[in-house]
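Inspection log for the structure reproduced underneath, given as structure tokens.
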Amino acid sequence: MTAVVRGSIGEPVILLSGELRLARLDPDWFDVLKAANVVLNATELQSLRSAMLTFSTRRPDSYVITEGEILAVYRFR
């Protein structure tokens, strides 16, 4: 499960299943970007693209457990 949503104060947030961390853009990320296009403005989409490159080197901001699944939460600006 992957989702791009707004956090509690309106900041863009991406949720990734478990410990998933990708170091580069691969074909799966294009689906995430298409979905994010519905939620984010152009500036936020550019920030998301940049942030995706750092997910392999940074720790998640937090974790959420929902329906037995662990999601890593990354905030980006």
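The values are calculated or read from the model by the stated rules, or taken from the named source; none is laboratory data. All of these numbers come straight from a predicted model, not from anything done at the bench. Note that each Cβ is placed from the backbone with ideal geometry, even for glycine, and that neighbours are counted across all protein chains shown. Ligands, DNA and RNA are stripped out before the accessible areas are found, and what is left, the full protein with its side chains, is counted by its heavy atoms. Shrake-Rupley method; radii C 1.70, N 1.55, O 1.52, S 1.80 Å.
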In the stretch 30-73, which GluC sites (Glu not before Pro) are in a loop and have at most 11 other Cβ atoms within 10 Å, using DSSP for the loop call? Glu67
Provide the solvent-accessible area of Val39, counting protein heavy atoms only and rolling a 1.4 Å probe, rounded to the nearest 10 Å². 50 Å²
Using the Cα gyration tensor of the stretch 32-77, with a ≥ b ≥ c the square roots of its eigenvalues, what is the shape: rounded (a/c below 1.5), prolate (a/b larger than b/c) or oblate (neither)? oblate
